[in-house]
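The structure appears right after this line, and notes come after that.
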Amino acid sequence: MLTTTWRDDGSTADEATLRERALTGDRIALERLLTPHEQALFRLCKSQLGRTTDTEDAVQETLLRAIRALTRPGGFSGRSQLKTWLSRIALNVCAERRRERPVLLLPFLERMSSNPETDAVNRLELHAALAALTPRQRAVLVLKKAEGWSVAEIAEALGLKEKQIDNELQKARQALERWNRRQTP
C-alpha cells in the first residue's frame, strides 16, 4: 500500500525528483507524474480500441503498470521521456485488448459541425476510413497528427527506427487515399 511521505505544500518538483519520491511510495508524487498524461493516454487508447469502456479500462491498466514500475527500483530508468514510456505501455495494453476484441475507431479526430446529421455521417466515414489502417499505422497517425509528437518521439515509443515511422505514416496516407478513391463515385 502506498503511503504519503511528502506533504503537498504546493511546491514544484522536476520529474526526476518526483520519480525518486514515487519510489518511496509517495502518492502525491505519483499523481503529479501521471495526471498530466491521462488525457493523452485516453486519446491514444481510444484510437486503438474505440469503445469508451475499453479505453477507460486500458488507461487504468496502463496507469497501474506505471505505478508498479515507478514504485520499485529499476522499474523506470528515465532513459526515455515519461510520456514516451507511458505511451509504450498503453500501446502494449491496447494490443493485448485488441487480441481479445478488435475495434477500429478514432473519434477524437472527427470533424465536427453544427449539424448533427453531418456529424453522424462524418463519424461513420472516419471510422470506415480508419478501418483500412493497421493498428500500428493508427498509432503512428494519432501520435503524429493528434498529439503532435515528433517522428523521433514516436520511434522511441514504438521501439522502431525513424525511417520505419516515416514509412508507416506514408502507408497510412496511401491507405486513406485508396479508401477515399473507393468512396468517391
Residues being under 30 Å from Ala146 (Cα atoms), at pLDDT 85 or above, of a type in the set (D, E, K, R) and in contact with a Phe, Trp or Tyr (Cβ under 7 Å, 6 or more places away or on another chain): count how many of those fall in the stretch 1-59. 2
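Please determine, by comparing only the residues of the stretch 144-185 that are assigned to a loop (DSSP other than H, G, I, E, B) and modelled with pLDDT under 90, which one is surrounded by the most Cβ atoms within 10 Å (Cβ to Cβ).
In the first step, residues of the stretch 144-185 are kept if they are assigned to a loop (DSSP other than H, G, I, E, B); the result is 147-150, 159-161, 184-185.
From what's left, modelled with pLDDT under 90: 147-150, 159-160, 184-185.
On the way: Glu147: 15, Gly148: 9, Trp149: 21, Ser150: 12, Gly159: 9, Leu160: 16, Thr184: 5, Pro185: 2.
Across the stretch 144-185, the extreme among qualifying residues is Trp149.
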Return yes when Leu126 is at pLDDT below 75 and of a type outside the set (Phe, Trp, Tyr) and no when it is not. yes
Residue set Leu70, Leu64; condition modelled with pLDDT of 90 or more, more than 14 Å from the chain's Cα centre (by Cα), farther than 17 Å from Lys46 by Cα and among the aliphatic types (A, V, I, L, M); output residue Leu64
Output the number of residues of the stretch 13-63 satisfying the condition of being small (Gly, Ala, Ser), open to solvent by 30 Å² or more (accessible area, probe 1.4 Å) and closer than 30 Å to Ala131 by Cβ. 1
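The values are calculated or read from the model by the stated rules, or taken from the named source; none is laboratory data. Quick caveat: nothing in here was measured; it's all calculated off a predicted structure. Ideal geometry is used to build each Cβ from the backbone, glycine not excepted, and the neighbour counts take in all protein chains shown. Calculation scope for accessible area: heavy atoms of the full protein, side chains included, ligands and nucleic acids excluded. Shrake-Rupley method; radii C 1.70, N 1.55, O 1.52, S 1.80 Å.
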